[in-house]
Amino acid sequence: MYVGVVHTITNKSVWAQKLAEFEQSSPPDGYTNPISYIGANTDYAFCLWDVPSVEALQPMLDGLTEGAATNMYFPVDPGAFGTAGIPSQRIDLDTKTPVTS
């Protein structure tokens, strides 16, 4: 499922450190982060995740951003009117077959 996360950045220097740490790591199996945007003033960020559930993502991401941001989570309906830019297919790396979302 797709989950949108709005990060309200509360400490820019800690955010930069956490972001650098995140860039050097890999998310757990079954978790992908295909889209991320950071506001021009580094006061907000948005991430789109493809994860098992909001409840699975929230503790992990809250831990990763602790001391740097507060996070708001919401399930995303990729078929909702007005929604655009969400990846429309995923590749199963074991079979190399496109799988539509």
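Could you work out how far apart the two model spin labels at Ser25 and Asn41 are, taking each label as a point 7 Å from the Cα in the direction of the beta carbon, and quote it in nm?
Between Ser25 and Asn41, the simple spin-label model gives 3.0 nm.
Any idea what angle helix 12-23 forms with the longest principal axis of the chain, computed on alpha-carbon atoms, 0 to 90 degrees, nearest 10?
With both axes taken from Cα atoms, the answer is about 30 degrees.
Multiplying the sequence separation of Asp77 and Lys12 by 0.36 nm and subtracting their Cα-Cα distance, what value in nm do you get? Don't jump to the answer; show the numbers that get you there.
Details: separation 65, 0.36 × 65 = 23.40 nm, distance 3.06 nm.
Taking 0.36 nm per residue and subtracting the Cα distance, the gain is 20.3 nm.
Whole-Hz Karplus ³J(HN,Hα) for region 58-74, in order, using 6.51 cos²θ - 1.76 cosθ + 1.60 and θ = phi - 60°, x for Gly and Pro?
4, x, 5, 6, 4, x, 5, 9, 4, x, 10, 7, 9, 10, 10, 10, 8
Do you know the relative contact order of region 1-93, to the nearest whole percent, from alpha carbon pairs under 8 angstrom that are 6+ apart? Intermediate values should be presented prior to the final figure.
On the way: 132 pairs, mean separation 40.7, N = 93.
After rounding, I find 44 percent.
Please list the non-local residues whose amide H lies under 5 Å from the amide H of Ile35, H modeled 1.01 Å from N, same-chain partners needing a gap of 5 or more.
The list, which skips near neighbours in sequence, is Leu48.
For Rg/Rh (Cα atoms, Kirkwood Rh), pick the label among (i) 0.92; (ii) 1.06; (iii) 0.98 that corresponds to the value derived from the coordinates.
Derived directly from the coordinates: (iii).
Around Asn71, what is the net charge, scoring Lys/Arg as +1 and Asp/Glu as -1 over all other residues with Cβ under 15 Å from its Cβ?
-3
None of the figures in this text is laboratory data; all of them are computed from the coordinates on show. Values in this document were obtained by computation on a predicted structure and should not be read as measured data. In this analysis, Cβ positions are derived from the backbone assuming ideal geometry, glycine residues included, and neighbour counts consider all displayed protein chains.
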